[in-house]
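Before any comments, here is the structure.
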Protein chains: 2
Amino acid sequence: MLQGANEILAALGDDAVTFDEDVIEHHGRSDWSTSNTTVRPVAVVYPRDTEDVATIAKTCSKFNIPIVPFGAGSSVEGNFSSPHSGICVDFTHMDAVIAFRPEDMDVTVQPGVNWVDLNNKIAESGLFLPLDPSPTAQIGGMVATNCSGTNAMRYGTMKDWVVNLTVVLADGQVIKTRRRPRKTSAGYNLTSLFVGAEGTLGMVTEVTLKLAPIPQDTSVAIVSFPSIKEAATAASSIIRSGIQLAALEMMDDLQMQVVNRHGSAAVRKRKWLEEPTLFLKFSGTTDAIKSDVKRVGQLVKAHNPRDFIFAKSESEKTDLWAARKEALFTMVNTRPEGTEIWSTDVAVPLSRLADIIDITKQDCSKLGLFASIVGHVGDANFHTAMFYDPKNAEQKAAVSKVVHVMMDRALEMEGTVSGEHAIGIGKKDSLVDELGLETIDLMRTLKMSVDPKWLMNPGKVFDLPRKK
Amino acid sequence: MLQGANEILAALGDDAVTFDEDVIEHHGRSDWSTSNTTVRPVAVVYPRDTEDVATIAKTCSKFNIPIVPFGAGSSVEGNFSSPHSGICVDFTHMDAVIAFRPEDMDVTVQPGVNWVDLNNKIAESGLFLPLDPSPTAQIGGMVATNCSGTNAMRYGTMKDWVVNLTVVLADGQVIKTRRRPRKTSAGYNLTSLFVGAEGTLGMVTEVTLKLAPIPQDTSVAIVSFPSIKEAATAASSIIRSGIQLAALEMMDDLQMQVVNRHGSAAVRKRKWLEEPTLFLKFSGTTDAIKSDVKRVGQLVKAHNPRDFIFAKSESEKTDLWAARKEALFTMVNTRPEGTEIWSTDVAVPLSRLADIIDITKQDCSKLGLFASIVGHVGDANFHTAMFYDPKNAEQKAAVSKVVHVMMDRALEMEGTVSGEHAIGIGKKDSLVDELGLETIDLMRTLKMSVDPKWLMNPGKVFDLPRKK
């Protein structure tokens, strides 16, 4: 492996490769991940363009070295860990906006671009990329995990915004999946095959993204309920009504408590009800919003709402939504000392959302740990965040059991074990439970056909083919 | 091949296989297609369920017989023709709605279900499948071609509505791509790989579709312009504004003439301006529509609109939209005797739409034939329909040239040679121009890995691998 790393160094230059142990450690594990391994890459390389990436792939192919792409490092299922060692490819220096075409409502970027930076940069055009994952996330990782976030209810997930990808395959071959039409039915949808493949089929080096017009107006409302089940049931009835919200989020009683105690100054101006709370974001024309807010107010009445607060000013709107946006970070910042987070998510068919949230909340409560539920309920998708002492094996096992029971329940309900975090290392076994070996075998067959040496991010999504 | 057909007959029963020449002819060519071949399948088989389809695949695999799936037969690029003969699999008898789950906003159907029938059947639930291809189309073909239609501007294309697929692979293996979550990032997006693959990777036997709430209200407006360029430019400005239309369509002067002369009674109540005309469909709450209509009215003012007619009643709304819906059929019904249609489409980046429509319209006019342009301009996608005498080689060549020049122009503009008709036989060469041999080779590699004998709808999308 070292020979390969040195050959890359010779080709790309001293600056492009590091063997520094601290850097390698940072690229090998993460506090956010529940699936860290003890193995580390031998080197971290920093390509600057597609050609560099092709050189890396060719060299790794020649020496049979595993290749692990690395973006912001914010994924949580071990997606960028290196269980088979190899070379970690960090896209930090590939952070250019290659072409912004407001008249076509699209933009072409390198994978190292941060999505918040991108949206700030293009804000004046009145356009934006309407995804909303972790604010640290980069486009490359967002493609790899098919990310989403709070805006998915209205705007869909990453796959819905990628027009084309430039991809370096395992042997160093460079392909582009499409030109730039907004709509096409020409040939296989390779774009969607690479989106969500977690770098196991190739390394994405350029991404063209559709952009959406920034809505004329937005507003925010919040409403609390006596139980999490009533909150989730109210959410379902709103979704079924066809009112087009920009987002429909839920925070449980514990999250609201955290917000009251440790929220930012803006958020703590208000005394929040410490009960399960729906956060609704409306967007569109000012008139349409007024009418939507009225309809939602009527709809939730059947579910014993405690209150229905509608932001009356721009600043109130920002403050209300900030409570939702800062929820997870606030929890992480105020967690019991020495604890680590187990953050996970599932998604289910709409009608089962209230049931699975209700029972999962009970399971979390029984743990006696700092544990909460926060949901992108508009997509029937929700997260649990549980804080445990990593040195306490029993505690870790108990948390793991809650997670696995939750995934099994999601599957019984015909749901998925991962709504937006992808599979990584952490959910490989659960993916087999979800799809069955025949479907996994088809994925393996596809991977084997484009990466016969099994070098692209090995050990992720699924393992090597079963011996026949 | 006959031996294989007889083995299928023995397994599935007499009713399931026919060698009738008329039936075979009907399954081998179509008046709507520009890519008919002279070769015919040896038999047409009619499976009733997934198991039957698996039996067909296993038998064909055993005898190395090409398999060509057949739905409604309304595709236009030779997608269901049998250039290598083989067995045609007609899904007519697989027309069951397997499970309708209004509480989950989804439905599972067999591929032979017609989408209009489906929407009629579930209308009372307040839900619908928001695609809008040819009214004859069946779900299976809609999946195979990644169809769309007038609603794509708001609702996207078929790939955006498929939750999961049950697929019979070339060797008879049955896989299911997903369970039923509305959102997922679990493993490769096999669903999107099969959608648009035109049956070259496997036969789809069950489809779960998301459904959308029927909008509270809809309305229709039309507005004419002195030139097709001004109409297209106005369309671009509306799209860029972010006003969320349900549809934005365009018909050229000739189409409007046809509507005046040969439209249905309802349509001919009005005397239409015979000029390039935009058809706008608004949907949402009644208040939102009012506000949207006003904004559109202001936006188009800069482009010399002749008139801006907004439907004032339910019946006027239906009549206005009917003119758009019946356009192509009216043209086909009133075409010069003995002529055949060449119907094709391309899509481009938004900013190039006005240019390519303008110049293509000029090319069509120069032909001196009955030829028109109708566009899903909301997606920067448009169709030409040209009627020619198939016995006049010169005329056919001239039409073909216009089509190919249009596709080349779309590619120069970074567009696609097929916005919604897929590739079939007719656009294989153009697909190579669009994507390059490296990308086509990747598609071939994927196909070869799941269909090593190259039996699934061979001769479509791309040809056998180049000899190295």
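A simple rule links phi to the HN-Hα coupling: the Karplus curve 6.51 cos²θ - 1.76 cosθ + 1.60 with θ = phi - 60°, which for region A:379-392 gives 10, 6, 10, 9, 10, 10, 10, 10, 10, 9, 7, x, 7, 9 Hz, with x for Gly and Pro. Between region A:141-211 and region A:408-468, the alpha-carbon centres lie 19 Å apart.
Add -39500 (n - 2.57) for each DSSP H run of 4 or more in chain B, then divide by its residues: what number comes out at 222 nm, to the nearest 500 deg cm²/dmol? Taking each H run of at least 4 residues, the total per residue is -11000 deg cm²/dmol. Could you state the angle between the C-alpha long axis of helix A:314-325 and the longest principal axis of the C-alpha atoms of chain A, as a value from 0 to 90 degrees rounded to the nearest 10? With rounding to tens, the tilt is 60 degrees. Counting only aspartates and glutamates at least 8 places from A:LYS269 when in the same chain, those with an alpha carbon closer than 16 Å to its own are A:GLU314, A:GLU316, A:ASP319, A:GLU326.
Decide, for chain A, between rounded, prolate and oblate: order the square roots of the alpha carbon gyration tensor eigenvalues as a ≥ b ≥ c, take rounded if a/c falls under 1.5, and otherwise choose prolate if a/b is larger than b/c, else oblate. Prolate. Listed by chain and number, the lysines whose C-alpha is less than 23 Å from the C-alpha of A:LYS396, apart from same-chain residues fewer than 8 away, are A:LYS361, A:LYS366, A:LYS427, A:LYS428, A:LYS460. With a simple spin-label model that places each label point 7 Å from the Cα along the Cα-to-Cβ direction, the separation between A:GLU103 and A:ALA265 comes to 4.6 nm.
Would you please classify the overall shape of region A:218-341 from the alpha carbon gyration tensor, given that a ≥ b ≥ c denote the square roots of the eigenvalues, rounded means a/c under 1.5, and beyond that prolate means a/b larger than b/c while oblate covers the rest? Please report the intermediate quantities before stating the final value.
Working: a/c = 2.14, a/b = 1.52, b/c = 1.40.
Prolate.
Distances between every pair of Cα atoms in region A:1-67, grouped in 10 Å steps from 0 to the bin holding the largest one, split as 21, 49, 26, 4 percent.
The C-alpha atoms of chain A define a longest principal axis, and helix A:286-300 lies at about 70 degrees to it. Basic side chains Lys and Arg get +1 at the Cβ, acidic Asp and Glu get -1 at the Cβ, and with that the dipole of the protein assembly as shown about its Cα centre reaches some 1000 debye.
One chain, two ends: B:ALA397 and B:GLU124. Fully extended at 0.36 nm per residue, the span grows by 93.3 nm beyond their Cα-Cα distance. Projecting label points 7 angstrom from Cα along Cα→Cβ for B:PHE63 and A:SER315 puts them 8.0 nm apart. For chain A, the longest principal axis of the Cα atoms and the long axis of helix A:437-450 meet at an angle of about 40 degrees. The label point for A:ALA302 and the one for B:ALA11, both projected 7 Å from the Cα toward the Cβ, are 4.9 nm apart. Sorted from nearest, the other copies put their B:PHE63 label points 5.5 nm away, the label point being 7 Å from Cα in the direction of Cβ. So what's the gap between the Cα centers of region A:28-92 and region B:238-266, to the nearest angstrom? A separation of 52 Å, based on Cα centres. Roughly how many whole Å is it from the C-alpha centroid of region B:309-377 to that of region A:290-337? Here the answer is 47 Å between Cα centres.
Comparing B:VAL346, B:SER400, B:HIS376 along the charge dipole axis of region B:319-416, the residue lying farthest to the positive side is B:SER400, per the Cβ-charge model.
Starting from the label point of A:THR318 at 7 Å along Cα→Cβ, the same points in the other copies fall at 5.1 nm, in ascending order.
Between copies, the label points of A:ASP22, set 7 Å from Cα on the Cα→Cβ line, lie 8.4 nm apart, reported in increasing order to one decimal in nanometres. Applying both filters, DSSP loop and at most 12 other Cβ atoms within 10 Å, to the GluC sites (Glu not before Pro) of region B:322-412 gives B:GLU337.
So which trypsin sites (Lys or Arg not before Pro) in region A:254-331 are both in a DSSP loop and have at most 11 other Cβ atoms within 10 Å of their Cβ?
A:LYS269, A:LYS271, A:LYS312
Loop-located trypsin sites (Lys or Arg not before Pro) across region B:205-253 with a Cβ neighbour count of 12 or fewer within 10 Å are lacking, with loop assigned by DSSP.
Read the figures in this text as sums done on the coordinates, not as results from a lab. Nothing here was measured: the structure is a model prediction, and the numbers come from that model. Cβ: placed from backbone, ideal geometry, glycine included. Neighbour counts: every protein chain shown.
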